[in-house]
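The values are calculated or read from the model by the stated rules, or taken from the named source; none is laboratory data. This is a predicted model, so every value here is computed, not measured. Cβ atoms come from the backbone with ideal geometry, glycine included; neighbour counts cover every protein chain shown. These area figures cover heavy atoms from the full protein model, side chains too; ligands, DNA and RNA do not enter into them. Shrake-Rupley method; radii C 1.70, N 1.55, O 1.52, S 1.80 Å.
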Amino acid sequence: AHWFLMIAAATAVPTVITGLLAFHFKADNPYVLIHRNWALITFSFAFFYALYRFYLLHKRSPGPKILLVILSGITVLLISITAEYGGKVAFGF
């Protein structure tokens, strides 16, 4: 799980960059700004969570399991919210 989260956070970097570059092409859609803001929140949270997981991996500590479950749940929730608004941007629903 440590590695999956770290890889996901690393591959999110080009996604965020291309999303910010494409932001201006869909500026007429009212959901673009909301999607961008949730995407930046999600990326920031996932990035710092990945750093924490890297720290645990480096320390060779499993970490407090309940905290990892809660942080993972928050990550999934943030991704779901961002995806919802991304769908509204792409498909206009």
Relative contact order for the stretch 1-54 using alpha-carbon pairs under 8 Å, separation at least 6, rounded to a whole percent? 62 percent
Counting only heavy atoms of protein chains, what accessible area per residue, in Å², does the chain have with a probe of 1.4 Å? 70 Å²
Among I79, I17, I34, whose mean-square fluctuation peaks in a Gaussian network model of the chain (Cα, cutoff 10 Å)? I17
Can you give me the angle between helix 65-91 and the longest principal axis of the chain, using Cα atoms only, in degrees from 0 to 90, rounded to the nearest 10? 10 degrees
hull vol. (C-alpha, convex hull) per residue for the chain, Å³ -> 82 Å³
Contact order relative to length of the chain, as percent, for alpha carbon pairs under 8 angstrom and 6 or more apart: 42 percent
Can you pull out the trypsin sites (Lys or Arg not before Pro) in the stretch 11-67 that DSSP calls coil and that have at most 14 other Cβ atoms within 10 Å? R60
Share of the chain's accessible area from carbon and sulfur, percent, 1.4 Å? 76 percent
Positive-end residue, the chain charge dipole about Cα centroid, Cβ charges, pick of W38, W3, V13: W3
Magnitude of the Cβ-charge dipole (Lys and Arg +1, Asp and Glu -1) of the chain about the Cα centre, nearest 20 debye, reported as 340 debye
